[in-house]
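Structure record follows, encoded as structure tokens.
The values are calculated or read from the model by the stated rules, or taken from the named source; none is laboratory data. Only a predicted model underlies this, so the values are computations on that prediction, with no experimental measurement involved. Note that we place each Cβ from the backbone using ideal geometry, even for glycine, and neighbour counts take in every protein chain shown. Surface accessibility is based on the protein's heavy atoms, side chains included, excluding ligands, DNA and RNA. Shrake-Rupley method; radii C 1.70, N 1.55, O 1.52, S 1.80 Å.
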Amino acid sequence: MSHAELLARHRAVLPSWIALYYDEPIALVDGQGCRVVDAEGRRYLDFFGGILTTMVGYNLPEVVEAVREQAGRMLHTSTLYLIEPMIELAERIAALSGIPGAKVFFTNSGTEANEAALLLATTTRRSNQVLALRNSYHGRSYAAMGVTGNRGWSASSLTPVNVSYVQGGYRYRSPFRNLSDEEYVRVCAEDLRDVIATTTAGDVACMIAEPVQGVGGFSSPPDGFFGAMKEVLDEHGILFVSDEVQTGWGRTGEHFWGIQAHGVTPDAMTFAKGLGNGLAIGGVVARGDLMDSVTASSISTFGGNPLATRAALATLDYLLSHDLQANALKMGSRLRQGLDTVAERCRVVGEVRGRGLMIGVELVEPGSTRPSPALAARVHRDAARGGLLIGKGGLYGNVLRVAPPLSISEAEVDEGLEILAAAITAAENRPPGESR
Ligand SMILES: Cc1ncc(COP(=O)(O)O)c(C=O)c1O
């Protein structure tokens, strides 16, 4: 079936607010390693992995076999029964988390994971007040939208949590952009103290934060930022939740969890996306007392199901035994160097930033800092025409997001860079307003 026919059927029966990439959206039907094929037979190198979710590559035998084997025996039991792969996965994640006495609750998505983390924090602290970062994204439920500081992804003001927003990592347009790293950290921590004193009733439950803001355009504060913020939180007994949905499992290269760049151990971390390499799984790992604070019984019909947890165990095994965190560091710096070189000669690139295999390229009107979503859309489309899938995001929709699977090879990095450099260079050379 052609993309045009699929699009017509999609538009007829699916919500208008499901964001689709490209003016002429595509369907991906096949994949191998870091490459995918669309429904019309076109091939691409995939530097977005279904939103940082195909973490160890498409059609990886180790994961496919684990899923096939489990599917042939038992798909589902519910959490009313003991599930061995769920228990094993919880043991592994608890140990990896670095959180003392950690326990794990599994969900089907990042949204649900954040919802669960907010339940733990608000129950423990007997308060519905929460701090979140500007430019954040935490999901699409009422509480998750409530802590999402990005108008483009926050469809409702209805929320069970009472939120105050604090400074985050998006420095490019911050009033504090010209400060040194140390000054930036100091000023943001001071501002946090002020926000608590002036906009809350004091007994705040938690702060939730992405160490690198994913949807927000891969912006991140200087190392140590969250350490300084946590010192202020600790003055008030406020819990700290790190949303590792995009930054977990070694993607940032230097650390297994994004928050480790800041020298703090959070009270809870949420995860999802890459863990199942495409199977639906998320969860929260938290201090045991925090996890056990929930005062009513709960179940999750699908959370921790045998299929998703088997896939996650196989993914984790592969990731750790192949040291893909080290690969993320190496390939990330190669990508970064290549993009920095492009940025030096292209005035449409305002900033290249990111950590490991999370690289953002902010596109601006040439020679200014004004965001250019039009140029970003053009480069995004031209990259795909050249055979490279990347993501797009940022508060203004003007940031290219480059985040291939952690298993990406050097040759693939170079191939992708060449395509992306050509697309950015073409945007540089075409006058603004000209779209073809
Ligand atoms: C940091 C972060 N948290 C939470 C979510 C929500 O996850 P999901 O789409 O699985 O509900 C996302 C999704 O992009 C995310 O990037």
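Computed values, structure above
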| quantity | calculated |
| --- | --- |
| The range 106-143: number of residues that are of a type in the set (Val, Ile, Thr) and farther than 21 Å from residue 168 by Cα | 4 |
| Boolean, residue 378 is open to solvent by less than 30 Å² (accessible area, probe 1.4 Å) and over 19 Å from residue 212 (Cβ atoms) | yes |
| Of all residues making up the range 46-61, the number that are surrounded by fewer than 22 Cβ atoms within 10 Å (Cβ to Cβ) and away from the ligand (no atom under 16 Å from the Cβ) | 2 |
| Residues satisfying the stated conditions in the range 324-354, i.e. part of a loop (DSSP other than H, G, I, E, B) and open to solvent by 60 Å² or more (accessible area, probe 1.4 Å) | 347 |
| Members of the range 227-256 found to be basic (Lys, Arg) and either within 26 Å of residue 125 (Cβ to Cβ) or open to solvent by 10 Å² or more (accessible area, probe 1.4 Å) (or both), listed by number | 230 |
| Those residues of the range 135-149 which are near the ligand (Cβ under 6 Å from one of its atoms) and open to solvent by 20 Å² or more (accessible area, probe 1.4 Å), in sequence order | 137 |
| Pairs, first in contact (Cβ under 8 Å) with a residue 24 or more places away in the chain in the range 95-124, second within 13 Å of the ligand (Cβ to nearest atom) and among the basic types (Lys, Arg), C-beta under 6 Å, six or more apart | 111/140 |
| Selection count where residues are of a type outside the set (Ser, Thr, Tyr) and surrounded by 22 or more Cβ atoms within 10 Å (Cβ to Cβ), scope the range 84-98 | 3 |
| Set 401, 336: member being among the basic types (Lys, Arg) and in contact (Cβ under 8 Å) with a residue 24 or more places away in the chain | 401 |
| Strands (runs of 3 or more DSSP E) enclosed by the range 204-323 - at least 1 residues per element that are without any contact (Cβ under 8 Å) to a residue 40 or more places away in the chain and away from the ligand (no atom under 12 Å from the Cβ) | 239-243 |
| Among (1) in contact with a Phe, Trp or Tyr (Cβ under 7 Å, 6 or more places away or on another chain); (2) closer than 23 Å to residue 246 by Cβ, the one test that residue 409 misses | (1) |
| Residue in the range 125-133 that is closer than 21 Å to residue 280 by Cβ, surrounded by 17 or more Cβ atoms within 10 Å (Cβ to Cβ) and either polar (S, T, N, Q) or within 16 Å of the ligand (Cβ to nearest atom) (or both) present | no |
| Matching option when the condition is assigned to a loop (DSSP other than H, G, I, E, B) and closer than 20 Å to residue 20 by Cα, among 400, 406, 395, 375 | 395 |
| Options 169, 152; residue that is within 15 Å of the ligand (Cβ to nearest atom), closer than 23 Å to residue 370 by Cβ and surrounded by fewer than 16 Cβ atoms within 10 Å (Cβ to Cβ) | 152 |
| Any hit, the range 216-226, residues being surrounded by 21 or more Cβ atoms within 10 Å (Cβ to Cβ), over 24 Å from residue 361 (Cβ atoms) and within 18 Å of the chain's Cα centre (by Cα) | yes |
| From 223, 243, 267, residue being at pLDDT 95 or above and more than 30 Å from residue 314 (Cβ to Cβ) | 223 |
| Contacts under 9 angstrom Cβ, first residue in the range 125-149 being free of Cβ contacts under 8 Å to residues at least 12 places away in the same chain and farther than 16 Å from residue 110 by Cα, partner away from the ligand (no atom under 13 Å from the Cβ) and part of a helix (DSSP H, G or I), 6 or more apart | none |
| Test for residue 64: is it among the aliphatic types (A, V, I, L, M), open to solvent by less than 80 Å² (accessible area, probe 1.4 Å), more than 16 Å from the ligand (Cβ to nearest atom) and more than 21 Å from the chain's Cα centre (by Cα) | yes |
| Condition check for residue 101: small (Gly, Ala, Ser), within 16 Å of the ligand (Cβ to nearest atom) and open to solvent by less than 70 Å² (accessible area, probe 1.4 Å) | no |
| Boolean, residue 368 is assigned to a loop (DSSP other than H, G, I, E, B), within 18 Å of residue 352 (Cα to Cα) and open to solvent by 20 Å² or more (accessible area, probe 1.4 Å) | yes |
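Table: residues versus (1) within 29 Å of residue 335 (Cα to Cα); (2) in a loop (DSSP other than H, G, I, E, B); (3) polar (S, T, N, Q).
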{"site": "5", "(1), (2), (3)": "no, no, no"}
{"site": "11", "(1), (2), (3)": "no, no, no"}
{"site": "15", "(1), (2), (3)": "no, yes, no"}
{"site": "20", "(1), (2), (3)": "yes, yes, no"}
{"site": "29", "(1), (2), (3)": "yes, no, no"}
{"site": "32", "(1), (2), (3)": "yes, no, yes"}
{"site": "41", "(1), (2), (3)": "yes, yes, no"}
{"site": "45", "(1), (2), (3)": "yes, no, no"}
{"site": "66", "(1), (2), (3)": "no, no, no"}
